[in-house]
Amino acid sequence: MNSWPIFSNPQAVSLCESILESVHQERLKQLVYPAHDDLFNAFKSCHYDNLKVVILGQDPYHTPGCAHGLAFSVPQGVSLPPSLRNIFKELYDDLGIVRLNSDLSDWARQGVLLLNTTLSVRAHQAHSHKDLGWEKWVELLIQSLNDYPRPILYVLWGNHAQRFRSLINTKHHEIFMSAHPSPLSSHRGFFNSKPFSHINAFCVTHHYPLIDWSDNQ
């Protein structure tokens, strides 16, 4: 899948197969998001060789029509979830960019991995798949990315994402942390944290193309 080594790592493959079987059994009885074909959209949209930034979310949106495999993103035309609304507010306050398109696939195509640490969820039940093994799979992914040939910037919003901090090789990669964009925490350090300016500065330092955060893609 776009040459991501995690999909050929024997330990990760075995774990993923077990998780997917659990998700399949769940789908026989419950409504599960996102759709099966969308589970790995974060990796389909962001090419491994173009990776610059990893933004860690928690689990997919659990309401109908929202989750499509990219953390914080929803398909165009879906009402903005509160966290994404706050992300767009910070984008405007930080860089003066007004973004209307709620589908963040264009960010992914530019090298931003929008990764939830749990890739599936039962409808209307947040965190319902947190014990299926997805977080262990993401741990294996982060550990594998420690050997990525170029520096990666990890954006860790909130306590959940920051739990993965110890897995990151900070001698090679960089970390940006703030409060989560959720309305429950956004006023405790997400607003005015200027994550997009920080990512752009990181790109300049490492001679990467700047991310175009606008709707122009």
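The values are calculated or read from the model by the stated rules, or taken from the named source; none is laboratory data. A quick note: this is a predicted structure, and the numbers were derived from the prediction, not measured. Every residue, glycine among them, receives a Cβ derived from its backbone with ideal geometry; neighbour counts consider all protein chains shown. We work out accessible area using only protein heavy atoms, side chains counted, and drop any ligands, DNA or RNA first. Shrake-Rupley method; radii C 1.70, N 1.55, O 1.52, S 1.80 Å.
Residues that are more than 25 Å from Ile152 (Cα to Cα), at pLDDT below 95, aliphatic (A, V, I, L, M) and open to solvent by 10 Å² or more (accessible area, probe 1.4 Å) do not occur anywhere in the stretch 23-36. Any chance the stretch 203-217 includes a residue that's touching an Asp or Glu at 6+ places or on another chain (Cβ under 7 Å) and open to solvent by 60 Å² or more (accessible area, probe 1.4 Å)? Yes, that holds for at least one residue. If Pro151 passes every condition in (1) within 15 Å of the chain's Cα centre (by Cα); (2) closer than 26 Å to Trp4 by Cα; (3) open to solvent by less than 50 Å² (accessible area, probe 1.4 Å); (4) of a type outside the set (A, V, I, L, M, F, W, C) but one, which one does it miss? Condition not satisfied by Pro151: (1).
Counting the residues of the stretch 129-148 that are among the aliphatic types (A, V, I, L, M), closer than 22 Å to Pro181 by Cβ and open to solvent by 50 Å² or more (accessible area, probe 1.4 Å) gives 0. Residues satisfying the criterion are present in the stretch 128-141 (criterion: in a loop (DSSP other than H, G, I, E, B) and either within 30 Å of Asp215 (Cβ to Cβ) or among the small types (Gly, Ala, Ser) (or both)). Restricting Ser178, Ser182 to residues that are surrounded by fewer than 17 Cβ atoms within 10 Å (Cβ to Cβ), under 18 Å from the mean Cα position of the chain (by Cα), under 19 Å from Leu56 (Cα atoms) and among the small types (Gly, Ala, Ser) narrows the list to Ser182. Scanning the stretch 81-119 for residues that are in a loop (DSSP other than H, G, I, E, B) and loosely packed, with under 15 Cβ neighbours inside 10 Å turns up Gly96, Val98, Leu100.
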